[in-house]
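The structure appears below as structure tokens.
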2 protein chains.
Amino acid sequence: TDRAAEFGRWKAQCLGRADLSRKGSVDEGAAGLVQLLNGREQYFTTSSCAGRIVLLDGGINGFEVQKQNCCWLLVTHKPCVKDDVIAALKKANGDAILKFEPLVLHVQCRQLQDAQILHSVAIDSGFRNSGITVGKRGKTMLAVRSTHGLEVPLSHKGKLMVTEEYIDFLLKIANQKMEENKKRIERFYNCLQHALEKETITNSHAKEKIKDKNNSSYTHKKKRNPEAACGKCITEENAKECENDDDLGMSVTIFPEDY
Amino acid sequence: TDRAAEFGRWKAQCLGRADLSRKGSVDEGAAGLVQLLNGREQYFTTSSCAGRIVLLDGGINGFEVQKQNCCWLLVTHKPCVKDDVIAALKKANGDAILKFEPLVLHVQCRQLQDAQILHSVAIDSGFRNSGITVGKRGKTMLAVRSTHGLEVPLSHKGKLMVTEEYIDFLLKIANQKMEENKKRIERFYNCLQHALEKETITNSHAKEKIKDKNNSSYTHKKKRNPEAACGKCITEENAKECENDDDLGMSVTIFPEDY
């Protein structure tokens with residue numbers, strides 16, 4: 001179809017372009033996932049960050065941190081020790097904030113159905129704040145996001161507001177979150193592989209049946225069930241944390257999940 | 001259509017049910033928005049939280065906070081003072097965490113197009129982590145989420161890890177975020193009203209044209225442009241913070257926004 005061809009052209013164009021990030025390359029921790037997605041005709045990634053600990057110096061003119069006037073004192077995709085943060089904090093003259101940012105991935109999808117499969121896998125792997133965006137002209141993106149963050153103000157106008165002991169304590173938590181994030185990425189990779197294999201099998205079965213029966217309605221009967229495939233690869237079920245959006249503290253209506 | 005009728009039945013059923021949240025009612029700060037949405041046939045809200053400061057006692061058996069073994073020491077939808085938090089912290093015997101959680105709203109939408117309009121308004125109002133979910137049988141939800149959070153570990157095994165001065169500093173930031181969240185909700189409300197009015201006008205024009213020309217293709221030519229309507233009501237343009245997903249730190253490809 002025209003739409004599929006247009007998607008293919010976009011994909012070739014985007015993947016052919018230079019990487020415009022500060023770093024200039026895909027993070028190691030996300031590389032497998034990015035490769036797996038870009039290897040399938042129905043997907044391509046437009047941005048990715050595997051997860052990182054960041055120390056920002058921001059909000060020099062008030063609390064609100066603006067992108068334009070905040071600067072990175074430290075960025076690491078690996079576990080982090082107290083001394084690194086303390087050294088970096090010496091350069092702060094505004095309000096320094098330590099953050100742990102889990103995986104963020106933006107994936108352009110050929111059609112809504114492709115986004116739905118990926119979304120379902122992302123949610124099941126623990127990336128519960130993921131969501132689809134559909135543009136005015138039909139551009140379909142999935143943003144993969146987690147609830148699993150950390151955002152801690154450390155200094156005010158250059159003055160450290162916490163003890164070194166606290167920074168040590170905080171980094172243990174941040175490193176643990178990084179470890180958990182890594183597990184979720186692995187889970188996502190495995191679940192996605194299962195879901196895509198399953199889809200390929202059912203797709204080719206569907207095509208055979210079309211040949212046999214010469215009945216095009218079969219293409220719409222593809223059975224897509226990433227959760228079932230996922231059941232095999234989920235080892236831990238700690239995705240439902242306190243950060244749960246559907247926490248009972250919210251005004252909430254329960255309805256059957258299958259609708 | 002069948003689908004619209006099914007949506008209508010669901011809506012009546014869900015809104016007729018008891019509110020199952022701990023609180024049992026819609027937060028004051030979200031009530032206007034919830035009312036506006038539920039008053040339109042194409043939407044209904046399934047859960048909402050206007051934004052709150054929460055002190056959790058969690059992670060007694062390790063760092064990972066599980067929903068089942070975490071308890072709320074303090075929840076407030078209003079600005080919060082140091083003494084409240086310090087009093088609540090006395091009851092902590094695990095790892096207490098202070099969080100600011102901005103507005104979260106789940107809205108079921110009649111069709112994808114309705115979700116797209118709402119999504120666009122949400123993003124333009126500063127709720128940049130919003131996203132659409134489409135279920136297997138077509139249930140279409142928009143989750144309205146912000147990047148504008150705070151998550152700060154305060155104690156470890158019941159022992160306070162920060163000073164009272166720090167708690168005071170932290171609450172100023174949390175209260176400021178609550179204030180900003182309130183502004184965004186107002187902006188969301190105003191933008192949504194504009195977008196829905198505009199839609200109603202273009203819809204009724206479209207219907208008139210159908211009558212005139214007896215040409216049903218006109219219904220697909222509705223001009224939907226919430227951003228233009230939004231332009232009028234956005235006073236501050238501080239939505240693009242450091243928390244930006246598309247931060248240059250990520251591996252990123254830029255492409256035209258209009259696609």
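The values are calculated or read from the model by the stated rules, or taken from the named source; none is laboratory data. This one's a predicted model, so the numbers in the text were calculated from it and none came from an experiment. Positions of Cβ are backbone-derived with ideal geometry, glycine not excepted, and every protein chain shown enters the neighbour counts.
Of all residues in the stretch A:24-39, none satisfies being crowded, with 19+ Cβ neighbours inside 10 Å, part of a strand (DSSP E or B) and at pLDDT below 95. Taken together, the criteria exclude residue A:208 from residues that are surrounded by 21 or more Cβ atoms within 10 Å (Cβ to Cβ) and modelled with pLDDT under 95. One residue stands out in the stretch B:1-19 among those that are exposed (fewer than 14 other Cβ atoms within 10 Å of the Cβ) and assigned to a loop (DSSP other than H, G, I, E, B): the one that is farthest from the other protein chains (Cβ to nearest Cβ), namely B:1. Which of the residues belonging to the stretch A:39-57 are of a type outside the set (Lys, Arg), touching a residue at least 60 places away in the same chain (Cβ under 8 Å) and over 25 Å from residue A:85 (Cβ atoms)? Within the stretch A:39-57, A:41, A:42, A:43, A:44, A:45, A:46 qualify.
Check whether at least one residue in the stretch A:127-137 is under 23 Å from residue A:47 (Cα atoms), at the interface with chain B (Cβ under 8 Å from one of its Cβ atoms), surrounded by 23 or more Cβ atoms within 10 Å (Cβ to Cβ) and β-branched (Val, Ile, Thr), and report yes or no. Yes - at least one qualifying residue is present in the stretch A:127-137. May I ask you to say which residue of B:54, B:152, B:75, B:85 is modelled with pLDDT of 95 or more, more than 7 Å from chain A (Cβ to nearest Cβ) and under 24 Å from the mean Cα position of the chain (by Cα)? After applying the criteria, what remains is B:54.
Condition check ((1) of a type outside the set (Phe, Trp, Tyr); (2) buried (at least 23 other Cβ atoms within 10 Å of the Cβ); (3) more than 10 Å from chain B (Cβ to nearest Cβ)) across all residues:
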| site | (1), (2), (3) |
| --- | --- |
| A:165 | yes, no, no |
| A:169 | no, no, no |
| A:176 | yes, no, no |
| A:180 | yes, no, no |
| A:187 | yes, no, yes |
| A:190 | yes, no, yes |
